[in-house]
1. With a sphere of radius 15 Å drawn around the Cβ of Leu118, what net charge do the other residues whose Cβ falls strictly inside it have (Lys, Arg +1; Asp, Glu -1)?
2. Can you give me the angle between helix 94-104 and the longest principal axis of the chain, using Cα atoms only, in degrees from 0 to 90, rounded to the nearest 10?
3. For the chain, modelled as a GNM with alpha-carbon contacts under 10 angstrom, which of Trp352, Trp85, Trp52 fluctuates the most?
4. Tell me which label goes with the value of log10 I(q)/I(0) by the Debye sum over Cα atoms at q = 0.07, 0.12, 0.14 Å⁻¹ computed from the coordinates here: (i) -0.67, -1.05, -1.18; (ii) -0.38, -0.95, -1.17; (iii) -0.55, -1.06, -1.22.
5. Between segment 202-216 and segment 222-281, what's the alpha-carbon centroid distance in Å?
6. Sorted by packing (mean other beta-carbon atoms within 10 Å per residue), highest first, where do 109-116, 35-42, 176-183, 258-265 land?
7. Could you work out the relative contact order of the chain? I mean the mean sequence separation of Cα pairs under 8 Å and 6+ apart, divided by the number of residues, in percent.
8. Projected onto the charge dipole of segment 1-104 (+1 at Lys/Arg Cβ, -1 at Asp/Glu Cβ, origin at the Cα centre), which of Pro93, Val58, Gln75 gives the Cα projection farthest towards the positive end?
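Just so you know, all these numbers are worked out from the coordinates, no wet-lab data involved. Model, not experiment: these values are computed from the prediction. Neighbour counts are summed over all protein chains in view; Cβ atoms, including those assigned to glycine, are modelled from backbone coordinates with ideal geometry.
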Amino acid sequence: MTILDAYLDDQGACQITVESTVDQVLGHRCGQVITASHGYGEPVTVRHLAVWGRPTSVTLHPRRFVCPDCSSPGQTVTTTQTVVWRQTESPHPRAYEDHVLLQLVNSPLEDVGRQEGLTSDAGQGLLEHRITTTVQWSEFERLTVIGIDEIACKTGHRDLVAIITTRLEGRTPLLAVLPNREKATVKQFLDAIPQPLRRTMRTVCTDMWDGYVNAVRESLQTDPECQVELVVDRFHVAEHYYAAADTLRKQEMKRLKKELPAETYEQFHGVMWLFRHRSTDLPPDDQARLEQLFSYAPALQVAYTLRETLTAIFDAPLSKEDAFRQITAWSAKGQASGLNCFNQFLTTLTNWRDEILNSFHQRQTSGFVEGFNNKVKVLKRRCYGLFKAGHIFQRLYLDLEGYRLFT
């Protein structure tokens with residue numbers, strides 16, 4: 001480029017006028033190199049990176065060239081020069097786009113817009129122009145483990161989107177944000193995974209939602225080239241038996257409130273948090289308070305012991321066969337305990353036994369998925385109004401990959 005002019009305007013902004021020194025272009029009709037100059041096209045002014053902290057605009061005078069082969073006596077065919085630092089359809093040069101996208105990493109569009117003097121529409125247009133709304137499979141060589149979970153776009157509403165991620169060398173790349181968690185939607189995405197990547201898949205971690213499980217069974221487990229094991233995450237299982245024990249705690253505390261003197265019952269204030277923790281994680285004083293509670297509610301001690309025993313089984317480095325035997329024995333104890341609070345969980349344990357036991361095979365969990373969901377929740381709080389799956393994918397992809405792509 002050659003700088004034709006540079007000055008500071010009345011507002012202190014830097015104005016630079018340039019033209020290209022390249023003296024040839026490829027004809028837009030014939031694709032041949034043409035060198036015959038034919039004046040200049042309309043000047044194009046774009047916002048560029050700041051110079052010494054001053055807003056800077058660059059005005060390009062594009063040269064035009066005429067193609068002698070394509071032109072005729074009644075028609076002159078010209079091609080206007082383009083430059084590599086600006087795409088014709090973009091209002092900004094690529095360097096400035098990279099700058100804005102870097103500012104958008106972990107930041108709201110509105111804040112960056114105010115800093116850069118861009119409207120929300122301009123900022124969203126930049127995202128649409130540069131950031132994909134779907135996964136680019138060429139970025140992956142394998143998909144050993146994937147996780148499927150959901151998150152609500154609006155707190156307290158059931159407008160759920162499905163989040164699909166993978167675990168890869170300490171990272172959690174995003175694969176998809178689906179508009180709902182229906183089986184057909186999830187299966188359509190799984191069917192679209194290229195066959196070379198499907199061959200590398202070994203584990204799918206999910207919760208006990210039929211839509212996810214059936215989609216995996218119909219799309220992946222029916223593919224003879226795809227050897228996928230379906231794992232129901234142990235932490236989702238733990239939610240169920242912890243909730244069962246907590247249900248009994250609520251019932252027993254209501255009973256004790258009616259039966260015990262007020263000053264005695266007051267001793268159990270805050271005991272809910274003690275009951276939800278492992279006894280080994282509690283200091284001696286809290287362990288004594290818990291034991292006192294159990295003296296008034298023996299059924300709670302039975303439920304607490306059953307809960308901690310099952311947790312210890314999941315924590316132990318067992319084979320799938322050993323885990324089966326120990327969980328079967330635990331189920332028998334639960335049934336013999338006479339407690340009704342675990343009845344529904346025991347049914348769940350029976351219905352999902354194989355998928356739950358698969359977690360002992362390669363010790364795979366959905367921990368990376370839950371960690372990723374926390375990032376989604378932070379994004380929701382930071383960027384209001386993100387309801388479309390494509391927009392959520394763009395912002396998550398930018399947060400995850402922005403520093404690598406635009407630094």
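1. Numbers: positive: Arg47, Arg114, Arg130; negative: Glu97, Asp98, Glu110, Asp111, Glu116, Asp121, Glu128.
With Lys, Arg at +1 and Asp, Glu at -1, the neighbours total -4.
2. Approximately 20 degrees, to the nearest ten.
3. In this elastic network of the chain, the residue with the biggest mean-square fluctuation among Trp352, Trp85, Trp52 is Trp52.
4. (iii)
5. Distance between centres, Cα-based: 24 Å.
6. Numbers: 109-116: 15.9, 35-42: 12.4, 176-183: 18.9, 258-265: 9.9.
Ranking, from highest mean packing down: 176-183, 109-116, 35-42, 258-265.
7. Details: 566 pairs, mean separation 57.4, N = 407.
14 percent.
8. Final value for the positive-end residue is Gln75.
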